[in-house]
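Notes to accompany the following structure.
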Amino acid sequence: MEKLIVGNWKMQKLFSDIHPYFKVFKHKMALKNIQLALAVPSIFIKPCLEEMINTPFILGAQDVSEYEEGAYTGEVSAVQLASMPVTFSLVGHSERRQYFHETSAIVLKKAQRLQAQGLFAILCVGETLEQKKDFKKIIQEQLKGVFTLNPAHLVVAYEPVWAIGTGQTATLEDIKQAHLYIKSFLSEGSRNFSSVKVLYGGSVNESNASSILSLDEVGGLLIGGASLNPSGFEKLIEGLGPNL
Ligand code: PEP
């Protein structure tokens, strides 16, 4: 199965960083069974699309409005994203849930908006440290309504909040258990959902990426900090090859 590696720039990088970033990826990369993707700030979508020609990336946004169109200053709609050659958007990243008080109902609406435009939704879920014992309950709540979505345009990203940007990666056993749970939850609803990819995210770096990705249950990686330096990200990706 092809694995999906998504870099998340968050609110980092400047316009002037875009050209040098993609230049690093313009050589022929030995990618087998890997699709590379980047979630960039919406303001950078157009320049990224121009600079990423002849690189192996597909492009997406980090968030989308829950509203269709209209007087929502500062928002970017799914219709607007789909009017450019964009493939996906993240929804429900823990930073959105935590700092912008997004509920699971809002996250679901956003995923529906994306799919209505033929875009992929990468729906992020994950528990905080205090919730770790009850991670199943938390994930179940965060996936409420998921069966109203189109599984063919859905990816789930499991990102334990305590592992994001902390350098504290989940253990392989933690990752395996959470992924097995999410996969079994998805398979219960409808057989079509068993093929939905489940990514892992949370302090993935050059030394742990390969072992995490070699777990059968892990369909790919969502990588924040380690995707910011292009040479480091390129080395991380090249290092994945032999294990796939
Ligand atoms: C993320 O941005 O979703 C993420 C997992 O960040 P980091 O890799 O820095 O922990």
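The values are calculated or read from the model by the stated rules, or taken from the named source; none is laboratory data. Given the structure is predicted, the values throughout are model-derived calculations rather than measurements. Backbone-built Cβ (ideal geometry, glycine too); neighbour counts: all protein chains shown. To get the accessible areas, we keep the full protein, side chains included, count just its heavy atoms, and leave off ligands, DNA and RNA. Shrake-Rupley method; radii C 1.70, N 1.55, O 1.52, S 1.80 Å.
Worth pointing out:
- The requirement of being in contact (Cβ under 8 Å) with a residue 40 or more places away in the chain, open to solvent by less than 10 Å² (accessible area, probe 1.4 Å) and among the aliphatic types (A, V, I, L, M) is not satisfied by Leu59.
- Contacts under 8 angstrom Cβ, first residue in the stretch 148-164 being in contact (Cβ under 8 Å) with a residue 12 or more places away in the chain and open to solvent by 30 Å² or more (accessible area, probe 1.4 Å), partner assigned to a loop (DSSP other than H, G, I, E, B) and acidic (Asp, Glu), 6 or more apart: Val161/Glu127
- Qualifying position, being surrounded by fewer than 19 Cβ atoms within 10 Å (Cβ to Cβ) and more than 23 Å from Lys197 (Cβ to Cβ), among Lys23, Lys32: Lys23
Yes/no per residue for (1) of a type in the set (Val, Ile, Thr); (2) in contact with a Phe, Trp or Tyr (Cβ under 8 Å, 6 or more places away or on another chain); (3) at pLDDT 95 or above:
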{"site": "Asn8", "(1), (2), (3)": "no, no, yes"}
{"site": "Ser16", "(1), (2), (3)": "no, no, yes"}
{"site": "Lys32", "(1), (2), (3)": "no, no, no"}
{"site": "Pro41", "(1), (2), (3)": "no, yes, yes"}
{"site": "Glu50", "(1), (2), (3)": "no, no, yes"}
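- Being more than 18 Å from the chain's Cα centre (by Cα), open to solvent by 70 Å² or more (accessible area, probe 1.4 Å), hydroxyl-bearing (Ser, Thr, Tyr) and farther than 18 Å from Glu217 by Cα is a property that Thr171 lacks.
- The set of residues in the stretch 13-22 that are touching a residue at least 60 places away in the same chain (Cβ under 8 Å) and more than 22 Å from the chain's Cα centre (by Cα) contains only Pro20.
- Some residue of the stretch 79-87 being within 16 Å of the ligand (Cβ to nearest atom) and either open to solvent by 40 Å² or more (accessible area, probe 1.4 Å) or small (Gly, Ala, Ser) (or both): no
- Subset tally (residues that are not in a helix (DSSP H, G or I) and not acidic (Asp, Glu)) for the stretch 140-188: 19
- Within the stretch 138-188, considering residues that are among the polar types (S, T, N, Q) and more than 16 Å from the ligand (Cβ to nearest atom), the one modelled with the lowest pLDDT: Ser187
- Annotation: of all residues in the stretch 88-108 being more than 15 Å from the ligand (Cβ to nearest atom) and among the hydroxyl-bearing types (Ser, Thr, Tyr), the one that is surrounded by the most Cβ atoms within 10 Å (Cβ to Cβ) is Ser104.
- The number of residues in the stretch 204-237 being within 9 Å of the ligand (Cβ to nearest atom), part of a loop (DSSP other than H, G, I, E, B) and polar (S, T, N, Q) comes to 1.
- Residue within the stretch 13-36 that is within 16 Å of the ligand (Cβ to nearest atom) and within 21 Å of Ala209 (Cα to Cα) present: yes
- Count of residues meeting criterion [within 14 Å of the ligand (Cβ to nearest atom) and out of contact with any helix residue (DSSP H, G or I) (no Cβ under 6 Å at 6 or more places or on another chain)] in the stretch 189-203: 2
- Looking across the stretch 109-144, the residues that are open to solvent by 30 Å² or more (accessible area, probe 1.4 Å) and touching a residue at least 40 places away in the same chain (Cβ under 8 Å) come down to Lys109, Arg113, Phe120, Phe135, Lys136, Gln140, Lys144.
- Failed item, numbered, when Pro242 is tested on (1) exposed (fewer than 14 other Cβ atoms within 10 Å of the Cβ); (2) at pLDDT 95 or above: (2)
- Any hit, the stretch 85-96, residues being without any contact (Cβ under 8 Å) to a residue 12 or more places away in the chain and more than 13 Å from the chain's Cα centre (by Cα): no
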